[in-house]
Amino acid sequence: MKKKKAVVLLSGGLDSTTVLALASSEGYSCYTMSFDYGQRHRAELQQAQKIAASYAVLEHKVFSIDLGIFGGSALTDNSIDVPESMAGGIPITYVPARNTVFLSLALAWAEVLGVSDIFIGVNAVDYSGYPDCRPEYIDAYEKMANLAIKSAVEGVKITIHTPLISLSKAEILHKGVSMGVDYGQTVSCYQANEDGAACGKCDSCRFRRQGFVDAGINDVTRYQ
């Protein structure tokens with residue numbers, strides 16, 4: 001009996017690694033996809049490669065697309081500082097249309113592979129206000145995807161899985177630890193150094209650190 005197959009978006013961070021573990025635990029053989037999109041550091045990509053290997057994925061691709069050409073985000077424009085304090089509204093770390101771009105590339109690969117399941121680690125609870133992490137966005141994207149590709153028109157519908165979308169960071173950590181996820185391998189920091197050590201000050205670091213506190217789990221993050 002053939003195993004189910006899925007494309008999993010894998011950044012090398014805490015959430016996406018948990019999603020890969022979940023998809024694997026649900027019986028999927030996984031293809032993983034990371035993006036070199038002009039972000040501030042490559043440490044997360046290096047870790048994504050290692051994480052993919054540890055889960056024996058069928059194939060791991062790193063797709064290069066320079067969103068820094070457009071700028072408009074502290075993650076892709078070195079002239080914009082990564083904020084180290086909370087601010088109202090959608091933060092400057094939001095990368096314009098990033099998840100739409102990433103999901104579209106994952107969709108193209110899934111169609112070529114004959115895969116109808118795509119997993120992404122978006123979260124609408126402990127998140128930084130990004131509009132492309134909301135359930136209504138994912139629902140709309142899935143509807144669009146099933147209008148856009150040949151395989152869906154011919155009857156094989158695409159499903160976008162978002163198993164973390166309604167979980168707190170603490171709940172995500174508990175779920176991952178129960179599956180044996182090694183969070184020491186993951187890099188979530190917006191401005192990690194070349195070795196992947198976290199700054200401990202950016203939004204992503206604060207959400208991650210508080211998640212460990214709330215979960216009552218030892219924080220295995222490597223800090224600068």
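The values are calculated or read from the model by the stated rules, or taken from the named source; none is laboratory data. Keep in mind that this is a model prediction, so the values were computed, not measured. Here the Cβ is made from the backbone with ideal geometry for all residues, glycine too, and neighbour counts use every protein chain on show.
Among residues that are in a helix (DSSP H, G or I), out of contact with any helix residue (DSSP H, G or I) (no Cβ under 7 Å at 6 or more places or on another chain) and within 16 Å of GLU59 (Cα to Cα), ALA48 is included. Checked against (1) buried (at least 21 other Cβ atoms within 10 Å of the Cβ); (2) among the small types (Gly, Ala, Ser); (3) within 28 Å of VAL177 (Cα to Cα), ALA74 meets all criteria but (3). Taken over the range 59-86, the criterion of being assigned to a loop (DSSP other than H, G, I, E, B) and either of a type in the set (Phe, Trp, Tyr) or at positive phi (or both) is satisfied by PHE70, GLY71, GLY72. Once the range 170-200 is narrowed to residues that are charged (D, E, K, R) and at pLDDT below 95, the residue that is surrounded by the most Cβ atoms within 10 Å (Cβ to Cβ) is ASP195. Here ALA56 clears all of (1) on the phi < 0 side of the Ramachandran plot; (2) free of Cβ contacts under 8 Å to residues at least 40 places away in the same chain; (3) among the aliphatic types (A, V, I, L, M) except the condition numbered (1).
Going through (1) more than 18 Å from the chain's Cα centre (by Cα); (2) exposed (fewer than 14 other Cβ atoms within 10 Å of the Cβ); (3) in contact (Cβ under 8 Å) with a residue 12 or more places away in the chain one by one, GLU84 falls short only on (2). Going by the conditions given, is PHE207 assigned to a helix (DSSP H, G or I), at pLDDT 95 or above, aromatic (Phe, Trp, Tyr) and under 18 Å from GLY13 (Cβ atoms)? When the stated conditions are applied, PHE207 does not pass them. Would you be able to say whether some residue in the range 31-40 is closer than 22 Å to GLY196 by Cβ, part of a loop (DSSP other than H, G, I, E, B) and among the polar types (S, T, N, Q)? Scanning the range 31-40 turns up at least one residue that is closer than 22 Å to GLY196 by Cβ, part of a loop (DSSP other than H, G, I, E, B) and among the polar types (S, T, N, Q).
Filtering the range 113-148 to residues that are surrounded by 17 or more Cβ atoms within 10 Å (Cβ to Cβ) and hydrophobic (A, V, I, L, M, F, W, C) leaves VAL115, ILE118, PHE119, ILE120, VAL122, ALA124, CYS133, ILE138, ALA145.
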